Structures are given as structure tokens and as C-alpha cells.
Amino acid sequence: MSSAYTRPLARLIERLQRLPGIGPKSAQRLALHLLKQPDQEIHALANALLEAKQQVGHCQICYHLSAEPICEICANPERDNQTICVVTDSRDVIALEKTREYRGKYHVLGGVISPMDGIGPEQLTITALVKRVGETQAKEVILALSPTIEGETTILYLGRLLQPLTRVTRIASGLPVGGDLEYADELTLAKALEGRREL
Amino acid sequence: MYLHHLHLWHFRNYTEQAITFSGNQTILLGDNAQGKSNLIEAILLLATLHSPRAQRDGDLIQTNQAMARLQADVERQPDPAQLTLTLRASGRRTLAVNQQTQRRQVDFLGYLRAVFFSCLDLELVRGGPGQRREWLDQTLVQLEPLYSQLLQEYQRVLRQRNALLRQEPLTPAHLTPWNDLLIQTGTRLIRRRFRLLERLAPLAQTWHQRISQAAEALEITYAPCVPVPENDHEVIRAQFQRQLEVKLPAELAQKTTLVGPHRDEVQFRLNGHPARTYASQGQQRTLVLALKMAELELLETILGEPPLLLLDDVLAELDLKRQQQLLTIISERVQTIITTTDLERFYPPWLAGAQQFQVVQGQVIPR
């Protein structure tokens, strides 16, 4: 599709197309849109890309994406240091922060255990998590991982590892808010029942 | 349940084909490799989202096409439904019921149900255990659509655990969470297979007596890889755990999972003898026919209406007496779609009221 375009434009379309969620048509539309922008807009975009890549690394404590060695959440003295919420990646931190319900800290694993993809516990930030739980004398570790097969395995693995050290909980899974019991499938109901709690 | 209309686009060797069914029996006549079985496969895909012949969705799409579409209009209780299945070479599928896209398989399955009987089923008794497990699984998917999801989950755990067992060096502690999940997902399959055979076995016995005119006694036993003394969650889990411990050295040596429902077996016995080694060709055919009739009856009991019966290249394989019995059982009630290369070996009344099509190189022409 892009081969009919002049070389530099075809290159731009091809690059855009490598981005997740961008197909040939979107890439073409984005490229043509970019060409119409004034020079300073394009410079600003290019700089933003470069700066983000150069300046953003991982927080040394929780591995959340951060431009500083210690991220804002870890540096915040108002937050509870002894509650650690374990998540798969930084997107989950953002999602949980939006709830404004959580006042503890996070730990970003960087993925979930998946032997098919060559990801074992060693490839994740699990050693650092165990050390951190010991050092901070954490009162609770909350496992907030998706209930997929790989997420479940990671929860089971972390549970065995951390239970001797502290209280370990997992977020509830099951019925969506506003969901009607009779429309839930058997498996979701069974999981919700397993995760029931005292009134 | 009645399939009124089937429409295919770029499916296998069909560019575009619409078929309107009428009457209770439809015969698709044609030489080999013209596309008769592809039509049966299309109906089966809409009923189970699974093809017994294709490994990848790419195999189902016409050469040089990016996608295939299958659409069916089904008369059913309580309301009719239009099913649309879009297949892509990438493997991504779109499922729609009455033009509403369904996110989960569970919400698509169950609108169309069919009992599939092909010449390959005649090997069910003598063939490998994998064939009998496939039969159990496909029957369960139609009876309880949730089973398809449970099966996928189990298979994913199994693939991950096998990938782990192949790793060098392997830390045995890393197996523990996978064992827990294998037991959890595997136990769900075992319990459902157990329950299915409990319901199916007595029906199959009755049909077998009827077809063989009480000559032999049929016995069907579920022989799970994990011994199951009773269908109890805790009992099965404990047995599963024990077997995993016992087989661990062998699993480490062979680098694959040796315990679980992927190694289950179903045993058929005639008058106390294993049918696999003891039964003649004719006895095996009677047995398989009895199983299919039991499947049909069970589905009908549970759904409250008869499913479709798909006979792929198999009717002419049955002798005239069995054909006659089959016709008496299903006529007037069950919509039956039959493929065959010739009509010579048909019991004549089958042909009398049947709608007939000729299938030639991806074209379906009324006869």
C-alpha cells in the first residue's frame, strides 16, 4: 500500500505500522496528518519521543516507570510503606491510582510466569520483591494480577514464597459491579463464590 | 431444531454458495474431493467452533483469500437465530448471533447442535484413545458449552507445564504452581466426563440392545488417567496430586506431562470382552451407531428438541438392516444431512422423500 508513496513518506508509514494497534490504513492516515503539521509541531513530537526514551527508566524500589531514580509514589511519605500491591506492569499502577482508593505502595513484576515465552520467576522482579518485603517488614502484600492461567500461576508461586514472611491477599475476581447473578456464567460464579467474604 | 439456510463465502473450495434446506433428509451426492464433506464441516463448525479436520483456520479459507464467512439461519426453540462465523488466516474469529458480535465462545455455542457421524467414527472402537477423548470432548461441548472454555484452560496449562518440563536446567519448585493449576483445571474436565458417561452409558446400552436385537450386552467405562473411585471434587484432587508425585521422575525423564485427562481412556466391552480386540467389524458398527443414537437422545432430552444429524460418507457403510433401523428412529423428527458418492447401497426408503443435491467442484446444484 505504501509503496506507491515517495520514499520518505513510505518509510514513515512503514514505521508507524509497526506500532501496536496501528494497521496499514491508520498508519497512512497518521502519516498524511503529520505531513500537514507545522514544523515546530513535528519537532516537539520528535523531541518528546526522544526525551521520553532517554529519560524514563524504572524506579529502583518498585520498578514503576519513572524519570527519577525513585518514583513519586515511592518518594511520597504520606503513603503506607508496609502495604505493597504487586502488579504485572506500569499500566496497572495507573489503573489502580485512578481509583484513589489505595494509599500503599506498588511493586511492578514486569510480566507473569509463562514458560512458553521463556519467562520464569528469574525474569521478573521477584527476588527484589522478597527482599523488599523483608526489609520494610511489610504488613500486607496484595496480589493484583489478572486471573488468566499465567496470572494464577504467578499468584500461586508468589503466595508460597511470601506467606512465611507476611500476610498475602489477592484482589477479588468475579461479578462485575451492576452485573446480574443470573447472567453470570458458571465459572465466574464459582470464582466469585470461592472469593466470598464475611459481611 | 432445523437448519433452513446455509451461506458460505470463501470457505474451503466454495467461493460463494447458498443452500436452502427442505424436508427432513437432504442427500449431497458427488465424487470425492468435490466439497461434500466441506459442507458438513461448515455446519459442524457453526455448532462446535471446532473442525475435526483442520489444524489452523487458514486451512478453512479458500486459497488466496484473507477471510471466510459462514452463515446459518436456524429454526429453534424458543426463537430462531442467525449465526455468523468469520474466519481469518491469522486465526482471529468473529462470532455473531443475530448480527450481534459475541465476545466469548460460550455465548455462541449452543444455538446450533448436531450429532456428527462420519466413516472415521467407525474407527472409534479400534482406533487410538485420542479419538475417544475427542469424541467425549465434542459431545460435552454441545451438551454444556462452558466445557469448551474449561478445555481451553486445561490445554493452556498443559502446554505451559510441558514447556517448563523441557527447560534445562529445571528448578523443581517452579513446577509446584503448575501442578496446582493442572489439578484445578483437570479435575473440572474429569468430573464432567464422568458425569457424561454416567448419563450416556445406559442410553447407549438400550440402543445397542435394540439394534443388535438383544444379542449382546454393551458396557461403557470411563477409565481416567487419574483413578476416580467417585465423582467427588476432593477425592479426585487428592488422587491427582498423588499421581503427580508418583510420576514425577518419569515426567522429568520424558520432559512431558504424564498425568491428567489428556491421557484418559474410554473402554467398551461386549459380553464382558474388550470390544477393541474382540468385536468384529459388524459389531463395531452396531456399537458406534448405538453411541451416536445415545448422543442424539441425550441432546434431545436436555435441549427439548432434536439436534441435527450429520452423516458424512457413512450411511452406505451400514448394511440395509441398520440403515432401516436408523431411518425408523430418526424419520420425521430429526433433520439429517447425508453425503455419499453413490446411491446404490442406500436402503430405498431413504431416497423416497429426500431432498437431493449434486456437488461438483464447489458448486451445489439441485437434482
With runs of 4+ DSSP H residues as the only contributors, calculate the mean residue ellipticity of chain A at 222 nm using -39,500 (n - 2.57) per run, divided by the residue total and rounded to the nearest 500.
-> -13500 deg cm²/dmol
Relative contact order for the range A:65-194 using alpha-carbon pairs under 8 Å, separation at least 6, rounded to a whole percent?
-> 22
Residue list for the range B:29-54, given a label point 7 angstrom along the Cα-to-Cβ vector of residue B:159 and an amide N cut-off under 19 Å = B:49-54
For the range A:2-55, with every protein chain kept in place, what is the accessible area per residue (1.4 Å probe, Å²)?
-> 83
Flagged links, alpha-carbon separation over 28 Å, of B:36/B:321; A:131/A:191; B:292/B:321; B:36/B:292; A:131/B:255 = A:131/A:191; A:131/B:255
Helix B:175-211: inclination vs chain B longest Cα principal axis, degrees, rounded to 10, gives 40
Calculate the dipole size of the protein assembly as shown relative to its Cα centre from +1 charges on Lys and Arg beta carbons and -1 charges on Asp and Glu beta carbons; express the result in debye to the nearest 20.
-> 900
Equivalent ellipsoid dimensions for the protein assembly as shown as semi-axes, Å, which come from the Cα gyration tensor, largest first = 51, 34, 20
Hey, how many Å between the Cα centroid of the range B:311-349 and the Cα centroid of the range B:187-215?
-> 23
Based on a Kirkwood Rh over C-alpha pairs, give the Stokes-Einstein translational diffusion coefficient of the range B:1-146 at 4 °C and viscosity 1.567 mPa s in µm²/s.
-> 81
Comparing the chain by itself with all protein chains present, which residues of the range B:140-164 are at least 30 Å² less accessible (probe 1.4 Å)?
-> B:146, B:153, B:156, B:160
Report the charge-dipole magnitude of the range A:2-55 in Debye, nearest 20, computed about the Cα centre from +1 at each Lys and Arg Cβ and -1 at each Asp and Glu Cβ.
-> 260
Going highest first, how would you order A:36-49, B:300-313, B:233-246 by mean Cβ packing within 10 Å?
-> B:300-313, B:233-246, A:36-49
Using a cut-off of 14 Å between beta-carbons, work out the net charge of the residues near residue A:47 (Lys and Arg +1, Asp and Glu -1, residue A:47 not included).
-> -2
Which of the helices in chain A meet the span-like rule: DSSP H, Cα axial reach of 18 Å or more, Kyte-Doolittle mean at least -1.0?
-> A:24-36, A:39-55, A:149-162
Mind checking how much accessible area B and A bury in total, 1.4 Å probe, in Å² rounded to 100?
-> 1800
Taking every residue in A:109-115, how many Cβ atoms of other protein chains lie within 10 Å of its Cβ, on average?
-> 3
For chain A, with a Gaussian network of springs between Cα atoms less than 10 Å apart, report the residue from A:66, A:173, A:90 with the top mean-square fluctuation.
-> A:173
Degrees separating the helix B:281-303 axis from the principal Cα axis of chain B, which is the longest one | 90
Please determine, in degrees from 0 to 90 and to the nearest 10, the orientation of helix B:36-48 with respect to the longest principal axis defined by the Cα atoms of chain B, where the helix direction is its Cα long axis.
-> 50
Distance from the Cα centre of the range A:110-183 to that of the range A:1-70, in angstrom?
-> 33
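The values are calculated or read from the model by the stated rules, or taken from the named source; none is laboratory data. Computed from a prediction, not measured in an experiment: that's the story for all the values here. Every residue, glycine as well, gets a Cβ built from its backbone with ideal geometry; the counts of neighbours run over all protein chains shown. Side chains are part of the model used for accessible areas, which takes the heavy atoms of the whole protein and leaves out ligands, DNA and RNA. Shrake-Rupley method; radii C 1.70, N 1.55, O 1.52, S 1.80 Å.
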